[in-house]
Amino acid sequence: MGNNELNSGTCSFCGARRCEVEMMFDGSGGACICDECIERGYELLEEVRAEDEVSDRPEPLKHNELMKPAEIKAFLDQYIIGQDEAKKYMSVAVYNHYKRLIHSEKCANADADTSDSDGRGGGVEIDKSNIVLVGPTGTGKTLMARTIARLLNVPFAIADATALTEAGYVGEDVEGILSRLLQVANYDIRQAERGIVFIDEIDKIGRKGDNPSITRDVSGEGVQQALLKILEGTLVNVPPEGGRKHPDQKYAKIDTTNILFICGGAFDGIEKVIARRMNLNAVGYGQTQRTELRRENIIRYIQPQDIRSFGLIPELVGRLPVVTYLEPLDRTALRSILTEPRNAIVKQYASLFEMDGQQLEFEDAALDYIVDKAVEFKLGARGLRSICEAIMIDVMFEMPSAAAKSSKKSPPFRITLDYARQKIDKASFVAMKNAG
């Protein structure tokens, strides 16, 4: 027998001859492989795939490593003044979200071993506690969401409901919200499926009229209907890169069952709705004292039915079971926001000056004046930054050049009451007042 015939009948991997194995597969160039080598190779391939699948799974959460609600609130206290009620609700919602993920993982492992008659396992299913934050503009809804995002080890995405429209119309599909979450998770689908989404301006997608058949309400009720499925929990085809859907696009399938949704909105005028529901305008014996007590901060009595009055459909309200409020900021709170938080506005400007080797100081009278203007313009905490920018713009323009030319250490630059009043009274700032 020639050498070529001998090679053609021998496995190129283990050296077994054709007569010693069940099957021999011939390849090009006289190479061969036997059925036993194929089986061993398949087993090794499956082991590698299984190891890769385990390594790709997110790190399992452990209950004893979770931050307790009081610890989460303490972190929020470092950045947000007041709003204790809202911070408690947010802390509990995030903590329960973590526990729900742990519970789901345990149930999934238990179901792999045993299941009851309905095929789902014997564990109790815990529903999501999606939350609604109601409060006037500038009270800290978005800031609270961004602050808590720093603390979490799950993906956190923020979306604006005002940009959403029904599929097929100009704007952003509801699925675009999940695209952001997927991008934050570095396109790790399993990690995105345990994330948290904050939807701002949820009140802006209210139903525009009682008769939706007159015109197509593409940015109102239609968006709410699209939100229902992702809030409750379903498989959604998501464009990984975002943007509009088209037939030839590749999609990522995301299960929203374990994604926590937090919605925020100003719901401007909801105080009147609450007052009407509570009949605070009633006149008679015993009503005067009741009215005075409750009108002081009526938003604390908000209920889900008040949210419905803004055009949110009952099905959507039902999927947002936790409703809490952010109190309007009074003068004392605004004054504290300027100086007390870790990222206080005054501290931010001082840090900018330090980078140029300069010091900055604010007189108390100037800070009080800034707060007075924020109250006057009704801009909330967001207005504090705008007012400070109007005061600081000239010195921030001139100071870097002056600091670079001077070799001596200059004395601290003081923002006095007269200086602040002079800058605020400039004609360019009057336009901002009218816009506010």
Worksheet, complete the sentence: Probe 1.4 Å, heavy atoms of protein chains only: per residue, the accessible area of segment 313-354 in Å² is 46 Å²
Practice prompt. Would you list the P(r) distribution for segment 315-407, with all Cα-Cα distances sorted into 5 Å bins from 0 and each bin expressed as a whole %?
Written response: 2, 11, 20, 19, 13, 10, 8, 6, 4, 3, 2, 1, 0, 0
Worksheet item: Quick one: Kirkwood hydrodynamic radius for segment 353-394, alpha-carbon pairs, angstrom, one decimal?
Response: 11.2 Å
Worksheet, complete the sentence: Descending packing, highest mean Cβ count within 10 Å first, for 228-238, 153-163 is 153-163, 228-238
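The values are calculated or read from the model by the stated rules, or taken from the named source; none is laboratory data. Since the model is a prediction, treat every value here as computed from it, not as a measurement. Reconstructed Cβ throughout: ideal geometry from the backbone, glycine too, with neighbour counts over all protein chains shown. Quick note on the areas: whole protein, heavy atoms, side chains included, nothing else; ligands and nucleic acids left out. Shrake-Rupley method; radii C 1.70, N 1.55, O 1.52, S 1.80 Å.
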